[in-house]
Amino acid sequence: MESLRQDLHFALRVLRKSPATTAVAILTLGIAIGATTSIFSVVSALLLKPLPFPAAERLVAVDDVQPNSGATGDGDLSWPEFLDLRAHAPDLTGMAAYAGGASNLSGRGEPLRVTSRFVSEGFFDVLGAPPVMGRVFSHEEHLKNGPRAVMVSPSFWHSKLGDAPLGTSLILDGEPHTLVGVANSTAETIQPAEVWIPFEERYTSDQRGSHFFYALGRLAPGVTLQKAQADLAGVAAQLAKAANAEHLASLRPLRQKIRGSAAPILSLLLAAVATVLLIAAVNLANVLLARASGRVREFAVRRALGASAWRLARQLLIESAVLGLAGGALGLLLSLWGRDAALHAWPATMPKLNEAPLDGRVLAFAVAVSLFTGLAIGLLPALQSSRGDLHSDLREGSGATSAKGRLRSALVVAQSALAVLLLIFAGLLLQSFSRLLHQDPGFVVEHTISVRVSLPDSKYHTNEKRAQFVRDVLARMQALPGVRAAGASTGLPLGDHTSIGDFQVVGRPPLPERDQPYAEKRMVTGGYFPALGIPLLQGRFLQDREPVRAVVINEALARHTFPGQDPIGQRIDGGMFESKDSDAIIVGVVGNVKQHDLSATPTMEIDYPYDQIAWGHVEIVVRATGEPAALFGPLKAQVLSVDPDQAVARIRTLSEMMEATVGTQKLSAQLLGGFSLAALLLAALGIYGVVSYGVTRREREIGVRMALGAAGRDVLAMVLREGLTLTLLGVAIGAVVALGSARFLSSFLYGISGSDPLTYLVVAVTLSLVAALASLLPARRATKVDPASALRAE
């Protein structure tokens, strides 16, 4: 311990002797470790931290599987399927369902649109999330004609209800609900919510094709996921056969369902930031090698006085470990800012992330990375300095051996290869993001506004009442100055509301369920297509007060279902009308629209007249002639003028909706772009350091060359050639590794190949130019070597 204390004391003295180098090393490590810790804190919060429920590892998601249909969203079930599985699930101690929604809260000032979650009986018990105040829903409150009850989230209870006492009456969707409890905030891990409402018999449907419920369960003690999966699959197959259906069921950990979609992009970002850390470590290893070369005589004297090779190596390792820990301490401070920036930029398309605490796991990671990096950058100098011939080191003391020069050159090659790899990945992602934003989504985005409303059944309980409300609102909006066109739909492109179901062409033999085609179904007004600028390809648009049962299909459905035929006049049955005869005539074909994902292939669509099938959820779309934001207030006022109790759920532009849709790609492109610029800067510093060190080592040789007649341009070319040779070798290695990773990266790209030759060429030229600039300063210094001084030294 005494010798360790002496080594630590000596290490601090040595580092103080070169404050500039020490400060740069600590800053470089701090930035790299801080960025790595920031990304890891997000990874830890989303992928490593268990869900905040008792025995959370035993919670599973129960998914619906529809073979060959391609119609499932995220494993959602129909209500009859859920009831069947809940009654026959052999290995689950409990099973519950939930669905997202929204409700109008009135009677407390201006109407509010609140995020609601509908839950089945036992939902909070299965989760293990008892309320923080009050109670959960009773059995009677789940019945169709039972008492109306509501639970609220803690934040909503405090901020919007002013800590209202239990028993308070809240008017939701026009009906009084009794406040019975304040839900545990952990329940929002499943789905964010402001209010929780029981739905078991009130909001359910007996249609097996109506898939919008999610289910979860808790494994019985001693039952493995694999056993429960096998048993449930057998039960689901028997139930499907009895119901003449093809639907099956599967289980997966609930944490995977909630957070699993973030795994690919977070893995890519963590690998990218780890690459930056590795480049920084290689850079600093080069710096420490150079400094150790200037201390060869010191080490030779210590060896002559009896110091062992291990003692000298330990001294250098302690010095580098001190650098690593100091950089880690700075990195922890910087990671606080980096984590907050990541939380602020976190896209809505990713799993919800409220916090990413620097807990014990993250602190242990930061300390481990700091120590490992510190020891790694000191390993090569320690090995080099503990070797060598004692007599020559005492005599020369230069340490400028060819072996050390080759080692430093190899580190620059590795650094360049890593930088090329990161630059190629960033370049491909940035191009992919740009192409995603600039593609044609099939509708007009600019100057277009979405106004979302949901009509409560208690007030708008008939088709005609809902249709009349929408007609009145559209008429008032279209009369506003600055409005070019207005329409309505039950779902907008890039929105979060859709209905998916099968359909049949009238006159063709019925298909078995596994072969039935699926399409997205919407109810639209006559002005919907013109307002969004969706082109008419054949026939006509739907009309307001359509006189016949009519539908409009998109080009994708026309090509799939009627290849080589004219679809106009054909009859199609999508099961949307309540009567037994639910077929409708096709009156038009419109262009394809990117409905959910700008990178996805357009899906088949069927659009019905809103007047004939008026749902309560409505998205009103308005095309403005000028600045859209100026219309937000007047548009909301028109809704309230028709119904003062009707809340407007949300007003936003379609540009904002598109921006939210590509949030994940934007975040990854921005972070990888920043990481790649840092890698480029570190690579330039590494090349400069090696070339500058080479010039210093070869000053006598350069002087002799110039004394024998070598011109300055010859010396300049020689030094530049040394830097570019190392860079080009690194470029070649990095490009080969990137090509090998192209298949992995292709899953993150749109409209560009992972082996795009132009990207590789641009990156190679960019790094070569940076290497040339980094080599230019030491090369110019080499041309100013005095031959006379060099000859006198010889």
* Taking a probe of 1.4 Å, how large is the accessible area per residue of the chain, in Å²? -> 43 Å²
* Gain in length, LEU758 to LEU353, computed as 0.36 nm per residue apart minus the alpha-carbon separation, to one decimal in nm? -> 142.1 nm
* **Whole-number Å³ per residue for the convex hull built on Cα positions in the chain** => 213 Å³
* Structure fact -> Note: LEU537 to ASN145 extended length (0.36 nm per residue) minus current alpha-carbon separation gives 136.3 nm
* To do: Before anything else, pin down the relative contact order of the chain: Cα pairs under 8 Å, at least 6 apart, normalised by residue count, whole percent.
  => 17 percent
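Between rounded, prolate and oblate, where does the range 92-165 land on the alpha carbon gyration tensor, with a ≥ b ≥ c its root eigenvalues, rounded for a/c under 1.5, else prolate if a/b exceeds b/c?
Taking the square roots of the gyration eigenvalues as a ≥ b ≥ c, the range 92-165 is prolate.
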* When the accessible area of the chain is computed with all protein chains present and a 1.4 Å probe, what percentage of it is carbon and sulfur? -> 59 percent
* Structure fact -> Applying the span-like rule to the chain (DSSP H, Cα extent along axis at least 15 Å, Kyte-Doolittle mean at least 0.5) gives 19-43, 263-293, 309-344, 360-385, 402-438, 632-642, 663-697, 712-740, 757-782
* To do: Give the distance, in whole Å, between the Cα centre of the range 117-193 and the Cα centre of the range 353-380.
  => 42 Å
* Search the structure for amide H atoms under 5 Å from the amide H of GLN538, placed 1.01 Å from N in the peptide plane, and list their residues when 5 or more places away or on another chain. => VAL589
* Asked: Treating the beta-carbon of each Lys and Arg as +1 and of each Asp and Glu as -1, no other charges, what is the dipole magnitude of the chain about its Cα centre, to the nearest 20 debye?
  -> 4100 debye
* For the residue pair SER582 and ARG721, what label-to-label distance in nm results when each label sits 7 Å from Cα along the Cα-to-beta-carbon direction? -> 8.0 nm
* Structure fact -> Residue separation between THR462 and ALA23 times 0.36 nm, minus their alpha-carbon distance, gives in nm 150.7 nm
* Prolate/oblate/rounded call for the range 676-717, Cα gyration tensor, a/c under 1.5 rounded -> oblate
* Measuring from a point 7 Å past the Cα of ALA475 along Cα-to-C-beta, which residues in the range 620-646 have an amide N at less than 16 Å? -> 638-643
* Please report, for the Cα atoms of the range 652-794, the Rg to one decimal and the Dmax as a whole number; what are they, in angstrom? -> 22.0, 78
* How high is the FRET efficiency between TRP310 and GLU2 when r is their beta carbon distance and R₀ equals 25 Å, given to the nearest 0.05? -> 0.95
* Structure fact -> Sorted by accessible surface (1.4 Å probe, heavy atoms of the protein chains only), largest first, ILE190, ILE651 come out as ILE651, ILE190
* Structure fact -> From most to least accessible, 1.4 Å probe, no ligand or DNA/RNA atoms counted, THR601, THR725, THR661, THR448 line up as THR601, THR725, THR661, THR448
* Could you name the lysines in cross-link range of LYS594, using Cα to Cα under 22 Å and dropping any fewer than eight places away on the same chain? -> LYS521, LYS666
* To do: Beyond 32 Å between alpha-carbons counts as too far, so tell me which of LYS352/LYS465; LYS17/LYS784; LYS49/LYS636; LYS257/LYS459; LYS257/LYS465 fall in that bin.
  => LYS352/LYS465; LYS49/LYS636; LYS257/LYS459; LYS257/LYS465
* Asked: How would ASP7, ASP515 line up by accessible area, probe 1.4 Å, largest first?
  -> ASP515, ASP7
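Relative contact order of the range 478-578: what whole-number percent is it, with Cα pairs under 8 angstrom and at least 6 residues apart?
On the way: 98 pairs, mean separation 31.9, N = 101.
32 percent.
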* What spacing in nm lies between the two simple spin-label points modelled at LEU166 and PHE632, each 7 Å away from Cα in the Cβ direction? -> 3.9 nm
* Structure fact -> With all protein chains in place and a 1.4 Å probe, GLU140 shows an accessible area in Å² (nearest 10) of 100 Å²
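For a test of the definition: using alpha carbon positions, the gyration tensor, and the 1.5 limit on a/c, classify the range 430-523 as rounded, prolate or oblate.
Judged from the Cα gyration tensor, the range 430-523 comes out oblate (a/c at least 1.5, b/c at or above a/b).
The values are calculated or read from the model by the stated rules, or taken from the named source; none is laboratory data. Owing to the predicted nature of the structure, the values given are computational and were not obtained by experimental measurement. No Cβ is skipped: glycine too gets one built from the backbone with ideal geometry, and neighbour counts run over all protein chains shown. To get the accessible areas, we keep the full protein, side chains included, count just its heavy atoms, and leave off ligands, DNA and RNA. Shrake-Rupley method; radii C 1.70, N 1.55, O 1.52, S 1.80 Å.
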